[in-house]
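Asks: Submitted below is the structure of interest, expressed as structure tokens.
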Amino acid sequence: MSGIKYWLWLRNLQGLNNRACLRLWTHFSSPEHIYYADIEEYAQIPQLTKAQIRALEDKSLDRAEQIMEDCARLDIRVITIADAEYPDRLRAIEDAPCLLYVKGSWPDFDSEAAVAVIGSRNSTPYGIRVGQALGYELSKGGAYIVSGLAARGDAAGHFGALLAGKKTAAVLGCGVDVVYPAENKRLYADIESDGVLISEYPPGTRPVGTHFLERNRIISGLSVAVIVVEAKMHSGTQNTVRHAIEQGRDVYAVPGPVDSAYSEGTNRMIQEGAGVVTRAWDVLEELERWFPDKIEAKLFELPPILQRAEKPKSTAAAKETVAEKTEKQIDNRNEIEYIEIENAKDRFTDDQIRILLTLSNQPMIVDDIAETTQIPVRRVLSALTMLEIDGLVKQESGNRYILNAVIQQ
């Protein structure tokens, strides 16, 4: 039986929380020793309760074996706190997770300028726009975006990073095989393909409120800095900030309208000493000192999809609804753009360039695009999403795509 099996046995015992598992690991030095110890040895650890000691008498490995089977079937890795690839910066925090379930491409976090970009689940259009822009600019500058894949606020940072053609990490409050919220289904697939999904909960775990509070310490623990885009005075976002402060992380906040409840928390944070962020450069300048080989501290031009719309020139235009403005933006994307690939390599990822060179005015289904370009379907979908946002491809009925640009090789 492998060491992983014993870790899974320990961490999934009913009534035994992560802190208790850490105490046991510190005392016994390995999960195998914990498994084979007897009740008298457990009683030598004063912090353990009688209920926790009783829980350790359950030596069944059925649950651990089931999790191992699930992980193998779902292509999920398990990284334990004793493993070399477990990040030192996360291992150093209080209540560091004993193990992590990972799906996707695991980075060397200790060498990354990882920055958490977080916001409210009820973010305003202002918060979403700023979060997306920060995710994009920070990624372009060499930072690695970490967030929680929650609706709207967290999703914005992830979206910006992917739009920049960079990887991003999502820390979940459910199993890494569970898509939550449902509206982030496409974003989940993109991160799985071009980033990493992380959780301390086994496959199949459904989202529970307390899980989201617990995962916040991991978001800040993996990062060197935390940026709060929007937050109410009392919210889960503020919970992440408290963890960040306790962990010694740099904390930044985006100023917002004084009459917005979703900026009350960030404006108060600035009053209490948090760094002020209006552009990613404000953070990149600081990060460059610690990660000179990673960070390029400069101002980056935002792609059209993230640029702020001009103010209406008339009172009538000012009365347009959000839906009407969105419809106009979509209509504007129908204009054909001329692209010289040789001069646009900084604008697109390699996958996007191959797809642009493959598509034409004849509709193609995703499977045919994948076969022609030899790019995995998940990456094709990710690239198509970004190209569709830029208006360079169009989706037609039957999930078929056509080129909406003139491409010059």
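The values are calculated or read from the model by the stated rules, or taken from the named source; none is laboratory data. Everything numeric in this text was worked out from a predicted model, so none of it was measured. Reconstructed Cβ throughout: ideal geometry from the backbone, glycine too, with neighbour counts over all protein chains shown. Ligands, DNA and RNA are stripped out before the accessible areas are found, and what is left, the full protein with its side chains, is counted by its heavy atoms. Shrake-Rupley method; radii C 1.70, N 1.55, O 1.52, S 1.80 Å.
Asks: Does R73 qualify as being loosely packed, with under 13 Cβ neighbours inside 10 Å and assigned to a helix (DSSP H, G or I)?
Replies: yes
Asks: Applying the selection to the range 143-153, what residues are within 15 Å of I227 (Cβ to Cβ) and at pLDDT 95 or above?
Replies: Of everything in the range 143-153, those that are within 15 Å of I227 (Cβ to Cβ) and at pLDDT 95 or above turn out to be A143, Y144, I145, V146, S147, G148.
Asks: Right, something else. From Y101, Y86, which residue is under 26 Å from G142 (Cα atoms), open to solvent by less than 20 Å² (accessible area, probe 1.4 Å) and either in contact with a helix residue (DSSP H, G or I) (Cβ under 8 Å, 6 or more places away or on another chain) or assigned to a helix (DSSP H, G or I) (or both)?
Replies: Y101
Asks: Filtering the range 20-39 down to residues that are at pLDDT 95 or above and among the charged types (D, E, K, R), which residue is least open to solvent (accessible area, probe 1.4 Å)?
Replies: Among residues in the range 20-39 that are at pLDDT 95 or above and among the charged types (D, E, K, R), the one least open to solvent (accessible area, probe 1.4 Å) is E32.
Asks: Residue by residue through the range 114-163, note down the ones that are of a type in the set (S, T, N, Q) and either over 17 Å from A253 (Cβ atoms) or under 15 Å from the mean Cα position of the chain (by Cα) (or both).
Replies: Across the range 114-163, the qualifying residues are S120, N122, Q132, S139, S147.
Asks: Where residues in the range 368-378 are at pLDDT 85 or above and assigned to a helix (DSSP H, G or I), which of them is farthest from E337 (Cα to Cα)?
Replies: Restricting to residues being at pLDDT 85 or above and assigned to a helix (DSSP H, G or I), the top hit is E371.
Residue by residue, here is whether (1) under 27 Å from I67 (Cα atoms); (2) of a type in the set (A, V, I, L, M, F, W, C); (3) assigned to a loop (DSSP other than H, G, I, E, B); (4) open to solvent by 10 Å² or more (accessible area, probe 1.4 Å) holds:
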residue: L90; (1), (2), (3), (4): yes, yes, no, no
residue: D110; (1), (2), (3), (4): no, no, no, yes
residue: A116; (1), (2), (3), (4): no, yes, no, no
residue: N122; (1), (2), (3), (4): no, no, yes, yes
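Asks: Something else now. Please return the ranges of strands (runs of 3 or more DSSP E) entirely within the range 170-261 where 1 or more residues are open to solvent by 40 Å² or more (accessible area, probe 1.4 Å), in contact (Cβ under 8 Å) with a residue 24 or more places away in the chain and within 21 Å of D95 (Cα to Cα).
Replies: 250-253
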